[in-house]
Amino acid sequence: MDRVAIVERNLDRFLEEASAPTRRLADDEPIRPGSGLTAAAARHLWRDQFTSRAIDVEARRLKGLGLSYYTISSAGHEQNAVVGALLRLTDPSFLHYRSGGFMMARSRLAPEVDPIHDTLLSICARRDDPISQGRHKVWGSRPLWVPPQTSTIASHLPKAVGMAFALGRSRRLEHDPTIPDDAVVLCSFGDASANHATALSGINAARYALRRGNPMPILFLCEDNGIGISVETPARWIRESFGGLRYLRYFDAEGEVDDVWDVVDEAVEVCRTRRLPVFLRLATQRLWGHAGSDIESAYRTAAEIQAIEARDPLLRNARRLLERGAATPEELRAIRDDVRRRVREAGEEAAGRPALASAAEVMEPLAPWDEKKVRASATAQADPERRTAFWGEEPPESASSPVKRTMAAHLSAALADEMLRRPEIFVFGEDVGRKGGVYYVTAGLQKRFGQGRVVDTLLDETTILGVAQGAGLAGLLPIPEIQYLAYVHNAVDQLRGEAASLQFFSSGQFRNPMVVRVAGLAYQKGFGGHFHNDNSIGGLRDIPGLLIATPSRGDDAVRMLRGCIATAAECGRVVVFLEPIALYHEKDLHQEGDGGWLSDYPAPGEALLPGEVGIQGEGEILLVSYANGFRMSLRAKRILEKQWGISAQVLDLRWLNPLPFDAVATAAEGKAGVLVVDECRRTGGGIAEAVVADLAERGFPGPIRSIRAEDSFVPLGPAADTVLISTDGIVQASRDLALQAKVVGDLRV
């Protein structure tokens, strides 16, 4: 049976048979004594709710004709229009996918927005869709301050918490987020998603932040329809799970529409005035299954489905408006007929619009790049007087102590220099403040710049990356730290599904720039095991649009960090700055005491941009590597030349996503062979497969080989050497390559 038609007929029958109220309320009269919901507001609300419903009906009609692609509807969730009506246009909102009612009510605050047409363009995946340009069906709008979400498992909660945290933090950074001081952040989600680890992480982080004395104006809106696809939520589960938590105010909104209005109004006011996290449970129904493809009768009886349909909020709200005299049957029928006509016309028009037609169109906002702006930003210098006042008589470029010329010391100085000239930079992570980071890279920053700009967070990578997204959306330039590469995997979806997708799904209208500092890779002798010696970047390189920078030398680290920060600032990019732990404090290259891995601090104004590689030496064969592998390749180069008469040139990739393929191909021209030295795991963990494939596809005429780490976790102690690449292994692989290329010494055989 067509349940959509049945629900529509139920409402139509009621409106045709309903009697006129005995007394008609004036527009400004409350529909119940003491309520804040007036008759006029109630009619507007019902129109917004019916508009959302009519769009859902049209989406299914168009899907049946093969003209639309999305049938997860808001039917039964229309009471969220109350929240849309009571929030302000300047309250950032991160929405659940059943938010049609909210968006219709929110659009009433911005007359230039046509929510019907915009939504149908999105449902039909048309490139004229003003938010995603046909890339996905999302609820989003720049004028409405609704960043688009694709989350289905509440993975947007941490960034909503981050936005709320950043709103308070931006005042301490003397940064204007262009959002009023009393704004609140809304984040809506379903009752099933409330159980997800990411949701719990976000809610916990909000409570933790309030406990630590931070303002936390976030409204968690849990739309409780009692089921997650086919799995029922136990009765009272949401109330029992969140109703008694400290540092979280709890509200329940259910009953008649005026009851819902008044509870929501109070919840919003508490959040806005008290600046604390509020959890609002909104009772909803789910009509027509999870989506158009969901056969609800497979797990619900006909009687259960009919009982849910009898609780249709549009039907209930219409009955309430008529009972209280807020509307007449004629007025509601007129709204129904007008909305249905407008939605049908908009659906026909939207379906006829063009879709995205090429990969270039689809990918255009994925990884924005403006080299001229980035270079100018990266090479700009802080005010000399301010810099002198900060560094005193010995700026980092004049340091002579070996300890101050290592990569770790250079990175610390580079962060300070960037914070001096960019007041919007916000550094945070576990242990970055008082301790100065696990490896002391952020040592002294909190003391010099204050707790407003350098913040110790709770131990949760999901929260750290969520805060980064919220801070970026608020206009800050976040530089979060993740202590170890393996820890990123605890929260990788915050990069993959959320941060890196924002510009893509908003056509560049929203951005969350960030430079995520990650200590990683292997070769920490005798320390850590696989969590501290992780050598796989495959999970990061798989993320579209993500920029990955990996320095091998201290001076390069400074120049690259400047380029990364400029790229984030100017292009809104998400950047992972992967710092090789084993090279943080390294001083020597070939032998103890040679100081070959120390470097001078690059003067302000020097920078490296994505794609700019490093090349050392000349030779018949080319070694392509990065990080620890680059250092080992330089060692191998000397051995090859001294002991075997094989000359080699060594290329430092520096940038692991996107890989600088053109630079590698240019360096490979005229070489007898190419060896890719990849310190990461053999199968999908590193870059060797991609580099080798690209050279082969370009028709490189000589042999191409690689040396890679084994497909193993890195064990503790000396056993690590059995699964990692080594200098000796690079020498042997280079000799094999030279033989295959028929190169002996400097002569070709």
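The values are calculated or read from the model by the stated rules, or taken from the named source; none is laboratory data. No experiment lies behind these values; they were computed from the predicted model shown. Glycine gets a Cβ as well: all are built from the backbone with ideal geometry, and neighbour counts include every protein chain shown.
Below is a table of values for the structure above.
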{"item": "Pick from segment 94-153, criterion over 23 Å from HIS290 (Cα atoms) and of a type in the set (Val, Ile, Thr), ranking: nearest to the chain's Cα centre (by Cα)", "result": "VAL146"}
{"item": "Residue that is under 20 Å from ARG559 (Cβ atoms) and either surrounded by fewer than 20 Cβ atoms within 10 Å (Cβ to Cβ) or not polar (S, T, N, Q) (or both), where the choices are VAL664, VAL674", "result": "VAL664"}
{"item": "Options VAL664, VAL714, VAL677: the member that is at pLDDT 95 or above, under 22 Å from ASN535 (Cα atoms) and among the hydrophobic types (A, V, I, L, M, F, W, C)", "result": "VAL677"}
{"item": "Segments classed as helices (runs of 4 or more DSSP H), wholly inside segment 425-493, with at least 2 members that are closer than 16 Å to HIS175 by Cα", "result": "461-473"}
{"item": "Meets criteria (free of Cβ contacts under 8 Å to residues at least 24 places away in the same chain and either out of contact with any strand residue (DSSP E or B) (no Cβ under 6 Å at 6 or more places or on another chain) or not assigned by TED's automatic domain parsing to the domain that holds ASN214 (or both)) for PRO177", "result": "no"}
{"item": "Pairs with Cβ under 8 Å, 6+ apart, first in segment 103-120 and of a type in the set (S, T, N, Q), second in a loop (DSSP other than H, G, I, E, B) and modelled with pLDDT of 95 or more", "result": "SER107/VAL113; SER107/ASP114; SER107/LEU144"}
{"item": "Meets criteria (part of a helix (DSSP H, G or I), more than 30 Å from VAL558 (Cα to Cα), at pLDDT 95 or above and not basic (Lys, Arg)) for ALA318", "result": "yes"}
{"item": "Scan of segment 73-107 for residues that are in a loop (DSSP other than H, G, I, E, B) and basic (Lys, Arg), ordered by number", "result": "ARG88, ARG98"}
{"item": "Tally, over segment 271-303, of residues that are in contact with a helix residue (DSSP H, G or I) (Cβ under 9 Å, 6 or more places away or on another chain) and either farther than 30 Å from PRO215 by Cβ or not assigned by TED's automatic domain parsing to the domain that holds TYR69 (or both)", "result": "10"}
{"item": "Segment 185-206: number of residues that are within 24 Å of GLY429 (Cα to Cα) and either outside any helix (DSSP H, G or I) or in contact with a strand residue (DSSP E or B) (Cβ under 8 Å, 6 or more places away or on another chain) (or both)", "result": "7"}
{"item": "Residues satisfying the stated conditions in segment 152-172, i.e. assigned to a loop (DSSP other than H, G, I, E, B) and surrounded by fewer than 22 Cβ atoms within 10 Å (Cβ to Cβ)", "result": "THR152, ILE153"}
{"item": "Tally, over segment 614-648, of residues that are farther than 14 Å from SER552 by Cα and surrounded by fewer than 20 Cβ atoms within 10 Å (Cβ to Cβ)", "result": "10"}
{"item": "Cβ-Cβ under 8 Å pairs, at least 6 apart or on other chains, segment 385-409 side assigned by TED's automatic domain parsing to the domain that holds ASP555, far side part of a helix (DSSP H, G or I) and basic (Lys, Arg)", "result": "PHE390/ARG448; PRO395/ARG387; PRO396/LYS404; ALA399/ARG405"}
{"item": "Qualifying residue in segment 265-276 (condition: assigned to a loop (DSSP other than H, G, I, E, B) and within 34 Å of the chain's Cα centre (by Cα))", "result": "yes"}
{"item": "Close pairs (7 angstrom Cβ cut-off, 6 or more residues apart or separate chains): without any contact (Cβ under 8 Å) to a residue 24 or more places away in the chain and under 26 Å from TYR208 (Cβ atoms) in segment 248-270, surrounded by 24 or more Cβ atoms within 10 Å (Cβ to Cβ) and of a type in the set (Val, Ile, Thr) anywhere", "result": "VAL270/VAL278"}
{"item": "Residue match in segment 244-263 (condition: in a helix (DSSP H, G or I), surrounded by 14 or more Cβ atoms within 10 Å (Cβ to Cβ) and in contact with a Pro (Cβ under 6 Å, 6 or more places away or on another chain))", "result": "no"}
{"item": "Meets criteria (modelled with pLDDT of 95 or more, closer than 24 Å to ARG311 by Cα and more than 20 Å from the chain's Cα centre (by Cα)) for GLU232", "result": "no"}
{"item": "Output for segment 222-243, where each listed residue is in contact (Cβ under 8 Å) with a residue 40 or more places away in the chain and surrounded by fewer than 17 Cβ atoms within 10 Å (Cβ to Cβ)", "result": "ILE229, SER230, TRP237, ARG239"}
{"item": "Failed condition for GLY352, given (1) under 18 Å from ARG127 (Cα atoms); (2) of a type outside the set (Phe, Trp, Tyr); (3) touching a Cys at 6+ places or on another chain (Cβ under 6 Å)", "result": "(3)"}
{"item": "Sole residue being surrounded by fewer than 15 Cβ atoms within 10 Å (Cβ to Cβ), of a type in the set (Lys, Arg), modelled with pLDDT under 95 and touching a helix residue (DSSP H, G or I) at 6+ places or on another chain (Cβ under 8 Å), chosen from ARG405, ARG386", "result": "ARG386"}
